[in-house]
1. If I model a spin label as a point 7 Å beyond the Cα along the Cα-Cβ vector, how far apart are those points for A:Thr239 and A:Thr253 in nm?
2. What base-10 log of the normalised intensity I(q)/I(0) is obtained for chain B from the Debye formula, alpha carbons as equal point scatterers, at q = 0.05, 0.08, 0.11 Å⁻¹?
3. Given Cα positions, please report Rg to Rh for the range A:45-423, the hydrodynamic radius being the Kirkwood one.
4. How do B:His358, B:His48 line up, fewest other C-beta atoms within 10 Å first?
5. Using modelled amide H (1.01 Å from N, peptide plane; none on Pro or chain starts), what sits under 5 Å from the amide H of A:Asn346, excluding residues fewer than 5 places away?
6. Using only the alpha-carbon atoms, how far is helix B:393-409 inclined from the longest principal axis of chain B? Give it as 0 to 90 degrees, nearest 10.
7. Please list, in order along the range B:198-212, the HN-Hα scalar couplings obtained from phi with the Karplus expression 6.51 cos²θ - 1.76 cosθ + 1.60 (θ = phi - 60°), rounded to whole Hz, x for Gly and Pro.
8. Enumerate the calculated ³J(HN,Hα) couplings along the range B:232-244 in order (Karplus 6.51 cos²θ - 1.76 cosθ + 1.60, θ = phi - 60°), each rounded to whole Hz, writing x wherever the residue is Gly or Pro.
Amino acid sequence: MKRKEFLQKAIPAGVMLPAMINGYSVKAFGADSPLVQALMRGYTDTDHVLVIVQLAGGNDGLNTVIPISTYSNYFNARTNVAIPQNRILPLGSSGAGLHPSMTGMNNLFSNGMLKVIQAVGYPQPNFSHFRATDIWMSASNSNQEVFSGWAGRYLNYEYPNFPTGYPNVNAPDPLAIQIGSTTTLTTQGPVVNMAMSITNPTSFYNLLNGTTDPVPNTPAGKELQFIRIVNQQTQKYSTVIRNAANAVTQQVTYPTNNSLADQLKIVARLIKGGLKTRVYMVSFGGFDTHSVQVNAADTTTGAHANLLQRVSDAIKAFQDDLQFLQVQDRVIGMTYSEFGRRIKSNSSTGTDHGAAAPMFLFGSKIENGVLGNNPTIPANATVNDNVPMQYDFRSVYSTILEKWFCLDKTVVDGLYPPNINAQLQSLPLFKSGLVCNAVTPPPPVSDKIIWNYPHPFSNSTEITFKTQGGHTLIQIIDTLGRVIATLLEKDYTSATTDKITFNSEGLPTGVYYARLQNGVIQKVWPMLKVR
Amino acid sequence: MDRRDFLTAKRRKKERIISHTSTTESPRRITSGVNPYAGPWTENEIIHLLKRTMFGAKKADVDYFKTRTVSQAVDELLNPTAPQPGPPVKEYATSTTATTPDSNIAQGTTWVNDINSDGTVQSQRRASYKKWWTGMLINQDRSIREKLLMFWVDHFGNETIDVGLGNWVYMQHNLLRQYVLGNFRQMVDAITKDVAMLRYLNGYLNVASAPDENYARELMELFTLGKGSGSQYTENDVKEAAKVLTGWQINGTTYTSVFNASRHSTVNKTFSAFFNNTVITGRTGATAGQLELNDLLNMIFATQESAKFICRKFYRFFVYYAIDAATETNVIEPMATAFRNSGYDIKAPLALLFKSEHFFDVLNQNCYIKNPADHIIGSLREMNATFPPLTDWDTNYGMWNFFYASMVNTGQNLHDPPNVSGMPAYYQEPSYHEIWINSDSLPKRNQFTDTMVNTGFTRNGQRVIFNLVPWVQQFSNPGNPNDLIDDALKYVFRNQLSYESKKAIKTQILLSNQLYDYYWTNAWTAYMANPTTANFNTVNNRLRQLFQYFFNLSEYQLS
């Protein structure tokens, strides 16, 4: 039975589909609903692969992608950890540059395969590692608990009823693979986790340094061995993974003593080996750099420099390997960390938990460049100052789902909390010529499209903005990075210049940011409130 | 050959045969016997004892037994003081299709005393009985009673679908419940005349003119003597025993068994040398059936083999399936002797076993593949899953039904074995317990624990789920991820994971790939100081991953 027939037979009107639990916008639908119709179109035909690189601990974004254009404010805010201006690796003419240890990724940029997205975050940032990680993995709102992951919901949509009936002709391989012992929230579907991990102690194939405990020569050992064997036989994917791994005998040289490189090497091998798996996840930790993130004598060295170098070297080797294996056009990678770090450094040559931070996308199909502007850094940064969000991380996810995995926009929206959909942007992340249409890069936003008067202001100020028509959003963000007000959200039928008043009565004095979002355009405008 | 020579010869022969038929390559070389265990009495030993004699080891029970000695603990387990549970109630809706629906029974009251032979009604009652029994397993008292009762029901191997009437099935269950820790000879006497048994093994059709040998054969082969090398009864012995058992019938209007002297074979019954050429005198009249049954059981229980046969079954059910020559000599035979010397008091061999060095031998720990009830009921109990008050029968029966079905799904249908031999895991050579685990049942076991960790089962808006946060709060230091994992593993697994494995699990799950223990400690402390939903979910999410992972490891299938 083909999947389409199966769905038509299996889903009577009004039945709850497993994809639609957890309070998402699509709830219960009959066979005639657009969503179920969409489900019946069969698997999305794509051989595209996404590799998710988690940088656990909260990477210091300001020392990763360094704002050259506002260097003096940057230096003043974090003198004891600041990277000397002449050591920064400029990213073209963007006014931003990479940490000097990131030569590998700088090389990718020069070769047109790296996208930097500035100041990615979400409204109401959370500064707890665990909570923030859960938010990034589940793509929930900050104040919302969601027990499934964004990739899990995507895979559940594409492959309903998993694991029942899998593997099958259309989906012979694992849907997602986590390199590591356990699967994470990212790939947790509404009911089951859509991923398998491949260094599980009971798993069949320990691709790296194994942690399978040996069995003793006792009755207990005999029975444990017996159950493990059944477990291996039960792993429906053991053979395909083993075959895929064995099919690849030559790879480029990866850096040693680099666990991220070890993991990415496996990923490249499995991709080249022919797995149809769409999502791979790897993780690299240690970014929680509260103290001694640099060597005081030379701030370009130290713990954070080592971390960034490993990330950069690993990703560069991975991309080289993809080219060598001739699968580069099928694969993109994405890095994220649960949060960035504070603008102002602390006195122990470290930085504390912060808000928005840059993300990297890499791959031959990634449109090269820097998206967004250097974060605004106050001249006299205080301990509370944070990088305000320019892009919602879910805009990145949904753009990948829409443009890389070719999901219909309405379906993508259905995978997210309903009250966020309208605010998600399609971002220009991909080169043109993909199967699904790439977003046209936005016009340069050097043109002043948002400003306020009076400026500074005391109680209220009038914000003037230019919209090109369509969905237009203006948010007010405080220095902690929190969206404290949504001043305006509406659809304009044509391009126009409009005004709206920001009444700040009752708010403390200081810096506020007005964030304009209009289609693919976004602009963050700083405003100063005085007595 | 006098009797002594005969027995010795038999024993030698049996030992040789056992070593031949033991086809599994067992690494086991246990020489310890039934001397009282005098080693450490720590959580490890208590958990071993409880996992084998009950469904799962709850921390509260472990703590309770810490202040007892081994001997006291075993005595308490073998001498339950809690009253027997009340009977099943009518939780099903009155049938609209039955010819004679049981509308006289109100929902929430028991049906067990109501005579109603309507097939639809009785089918509802069989289902009701199974839900109820599952509930009784979940709500077991702190004793061996419920687990041993499961053993006896399996031992006598009846299938409810063949017995047909739910009332009769319950009566058989209740009969075994009365004798569960009583006298085995009396149990066999009673089960011989049990209505369900008379129906299941055709005893009610056994008449002098043409005896039906079905029950007589299973009485010897499956219930009392077995087919081991020490069991030398003959085909003619089966025929003669069948004559002894003629005349028993079922009164279908009172649901009682009756002896009909006119159907009884009054001839003398002559048995083989295995039974010392016993002759049971043919009798007449209303008491003939019982008097001859007494003679038959006296004859069977006079053999050495009967006690050994049952003790081997106890051993396979509670300890391990492999019985080598040393175990036969050092454990089975002393157990059998105690059994006979006590006049077949069921408690006697069990007390000897559970107090023995052999039972606590490290080689006998952690080698028992859980049966589905151990896995499902045991996990519910160990994880302190809570159910609504028993007065809410509708919700409870609905939940119990889910767990009953989960056991069926993984290969164990309570009171419905594949045939009269009972569950193959307890007799089928050479695999025995390994039969429980296969490529179908193992993923289903994992799916069950996944469900209970993540979503639980909801009925009438009430949910039974593994509540992990309060569960780890039982332990002294859940804020320390190392202590948390060590304490949890004491209960979840019987064997220890390596330091490397625990470290990998801790880092990847409890620390979310962060490097330092304080990430978990801080999250836990934050939750304890400020138990908001968000703080709860932060720790609960990670505990869910942790326990889902534990439950999916092969180690979890062993106790």
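Each value in this text was obtained by applying a stated rule to the coordinates, not by laboratory testing. No experiment lies behind these values; they were computed from the predicted model shown. Cβ sites come from the backbone with ideal geometry, for glycine too, and all protein chains shown count toward neighbours.
1. If labels sit at A:Thr239 and A:Thr253, their model points lie 3.8 nm apart.
2. Each listed q corresponds, in turn, to -0.24, -0.59, -1.06.
3. My calculation of the ratio gives 0.98.
4. By the 10 Å Cβ count, ascending, the order reads B:His48, B:His358.
5. A:Thr351, A:Asp352
6. 80 degrees
7. These are the phi-based 3J(HN,Hα) values: 4, 6, 5, 10, 6, x, 6, 9, 7, 10, 4, 5, 8, x, 9 Hz.
8. Values, residue by residue: 10, 5, 10, 4, 5, 4, 4, 5, 5, 5, 4, 5, 4 Hz.
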